[in-house]
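Asks: To start, I am sharing the structure in question, which I have written as structure tokens.
Just so it is clear, none of the values below were taken in a lab; they were calculated from the coordinates. From a predicted model like this one, the values you see are computed outputs, not experimental measurements. Positions of Cβ are backbone-derived with ideal geometry, glycine not excepted, and every protein chain shown enters the neighbour counts.
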Amino acid sequence: MISLRNSALALAVAMAGLAAAPAHAADPAVFDAATGRLRFPILQIDGNLKFRDVVIQLVSPGQLRLNDASVGAEISFTSAGNVLRIPQLNFGGTLYPAVSLTSPGFTLVSFGDVVIDAGSPSNATLDIRVTAQGTPVPLITINNVPKPTNQAAFCNDPALQQTVLENAGAAQATWTMSTCTFSGNTGRMTGTLTITTPVAAAIPIVANFTYR
């Protein structure tokens, strides 16, 4: 396990020599070198769901790029390729623009509410209740979400599956779906969450979805 001090040092070394440039977005990501934690005011997951107040424990920055043209206006994480894209990164009081971290090592510390852009075409509120190994986790509610048109659309939506992982507090775990049903206003997914840290375990998950 890489220590917090080493994770901060790794990021510092990776950014050494990179020239900061003026940046004007209101809410940058902030890296705390003392704790090795990276904080995001809002983090978008796979181009869909957005989580407020996300905190991760950075173990390794992976491959770091500055002024990466693929970085857009939103702080985002793409699970395909394991890439964090950060329009502004506040490191030691200096703002660095268009930062990307490819294959970073991190663990999820905490996250807040889940939101979806108000402008998204939608007409429903979605309540998600997740039970992990028989223990219920707090209700998650998503406003202004499009309701799936059929069972195939519901069961094959990666954003919903990612929400299950996030709500179970295991964003970096592997999710294996066992069953999935959808009846128009309600859906249900069951499966197994496989984690490797801090211990290896396979956790049964049940997620119930209600559109209203």
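Asks: Could you check the simple spin-label distance between T149 and A124, using points 7 Å along Cα→Cβ, in nm with one decimal?
Replies: Spacing of the two 7 Å Cα→Cβ label points: 1.4 nm.
Asks: Another question, then. Place a point 7 Å from Cα of N185 in the direction of its Cβ. Which residues in the stretch 148-162 have their backbone N less than 15 Å from it?
Replies: 148
Asks: For E74 and T174, FRET efficiency with R0 = 45 Å and r from the beta-carbon atoms, rounded to 0.05?
Replies: Approximately 0.95, to the nearest 0.05.
Asks: Summing +1 for each Lys or Arg and -1 for each Asp or Glu, what net charge is found among the other residues whose Cβ lies under 12 Å from the Cβ of L139?
Replies: Cβ neighbours under 12 Å give a net charge of -1.
Asks: With θ taken as phi - 60° and the coefficients 6.51, -1.76 and 1.60, list the Karplus ³J(HN,Hα) couplings across the stretch 140-146 in order, rounded to whole Hz; mark glycine and proline as x.
Replies: 10, 10, 10, 8, 6, 10, x
Asks: Right, another one. Between A200 and T135, what FRET efficiency follows from the Cβ-Cβ distance if R0 is 25 Å, with the result rounded to 0.05?
Replies: That pair, A200 with T135, gives E of 0.85.
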